[in-house]
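Just so it is clear, none of the values below were taken in a lab; they were calculated from the coordinates. Everything numeric here is computed off the predicted structure, so don't read it as measured data. Cβ atoms come from the backbone with ideal geometry, glycine included; neighbour counts cover every protein chain shown.
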Amino acid sequence: MIKRKLKLINNKILETPEFIPSLTSIKRYDNYFDLLYYLTNQKITHFMISAYDLYYLKTEIPNEIYNQISNSNGLCFMDSGGFEIYTGVFSKNWNNDLLIKTAKEINSDIVVSLDKICVNPKNSFLEDLSNYNIMRNRLKDYQQFYEIVIHGKHISTIRSFLDNLEIDKKLLAICIPERNLGNSFDIRCENLKTILHLIKEEYGFEELLFHLMGCSHPLLLKKYAELGVELFDGIHWQDSLFIPTKTDFTDLSRLMDINCSCRYCYKLRDIRKINKKDFENLYMYYTLSHNLFHFKELMKNIRSGQA
Ligand SMILES: [Zn+2]
């Protein structure tokens, strides 16, 4: 486990290993605004949102929420929208200019980008690298960091990428999507170890954080953190229920069956005794609060070696 406390140049603090709850319009479009409002209104320490969603939904997002995101004291990670553009719900014409415009406007702290490495065979590696240089130079003036996403597990691809990568202080992390590491947990761990060794030992990029994208199962967070993963993000805080005693998930509807004694469960049990209708209406609010609270506790315990 690599424990670190980083002070970013805008004075915000990032402690690792850390989990960042993320939000995308693809999975839960029907209640996207409720969840966005929830994430920002709860003053969650860190969150990740898609630049693509924010750009195309801007006219529908109430000003107060938009302002809340851009003035947040927490760390705002902005995903480039590479995931959402595959479905192209709003438009297929997403590009770097729109991404940088949105990052600037929302005042995000960290931009997570360069999704096209190894995805589209029509794009040559060097074309992708020039995208990276453009991004880096254009974001420089806005005090924003970035992370690079590598969509591949093949060591030769990662090696050729690292060979050509110009590291500067603005590059915060290298990310690899969890699913790209393989199908089974064993193989994922094997590939992860090889990749981490390559980046940190062989190339000596010790300061760069390693971010495993799309990973939010509590038990896996713990295991991957032991192997040296420093950042995680994922969407399951909104569709599964965290069972703290087992470091596991169950169905979201079962909050009252898991005997949790956190303050949110405590309060919801009281509400249930008094008014069934209020209980039903407030159920999601308390359940998501329970989830985020336990993710926070889990990461705190991982950092202190008590998980
Ligand atoms: Zn609880």
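For the chain, the Cβ-based charge dipole about the Cα centre amounts to some 720 debye (Lys, Arg positive; Asp, Glu negative; other atoms uncharged). In this Cβ point-charge picture (+1 for Lys and Arg, -1 for Asp and Glu), the stretch 248-307 has a dipole of about 240 debye about its Cα centre. In this structure the amide hydrogen of Leu6, modeled in the peptide plane, comes within under 5 Å of the amide hydrogens of Leu14, Glu15, Thr16, none closer than 5 places in sequence on its chain.
Legend: ranking of residues Cys265, Cys175 from fewest to most surrounding C-beta atoms inside 10 Å; resulting order Cys265, Cys175. One equal scatterer on each Cα of the stretch 185-289, no solvent, Debye formula: the resulting log10 I(q)/I(0) at q = 0.12, 0.13, 0.15 Å⁻¹ is -0.55, -0.61, -0.71.
Extension gain Phe90-Asp34, at 0.36 nm per residue separation less the Cα-Cα distance, in nm? Before the final figure, lay out the partial values.
Details: separation 56, 0.36 × 56 = 20.16 nm, distance 1.90 nm.
Here the segment from Phe90 to Asp34 would lengthen by 18.3 nm.
Rounded to the nearest 5, the antiparallel percentage of DSSP beta bridges internal to the chain is 20%. 3J(HN,Hα) couplings calculated from phi for the stretch 229-240 with the Karplus curve 6.51 cos²θ - 1.76 cosθ + 1.60 (θ = phi - 60°) are, in sequence order, 6, 10, 10, 9, 9, x, 9, 6, 4, 9, 10, 9 Hz; Gly and Pro show x. Restricting the trypsin sites (Lys or Arg not before Pro) of the stretch 165-259 to loop positions (DSSP other than H, G, I, E, B) with no more than 12 neighbouring Cβ atoms within 10 Å leaves Lys169, Lys246.
If the limit is 28 Å between Cα atoms, which of Lys104/Lys153; Lys193/Lys246; Lys5/Lys193; Lys246/Lys267; Lys246/Lys300 go over it? Those over the limit are Lys104/Lys153. Placing a label point 7 Å from the Cα of Leu6 along the Cα-to-Cβ line, the residues of the stretch 134-160 whose backbone N sits under 14 Å from it are 144-149. Over the chain, the hull volume per residue, using the convex hull of the C-alpha atoms, is 136 Å³. Residues whose amide H comes within less than 5 Å of that of Met213, counting only those at least five positions distant or on another chain, are Ile176, Glu178 (H built at 1.01 Å from N in the peptide plane). For the stretch 248-307, the C-alpha radius of gyration sits at 1.23 times the compact-globule guess of 2.2 N^0.38 Å, with N the residue count.
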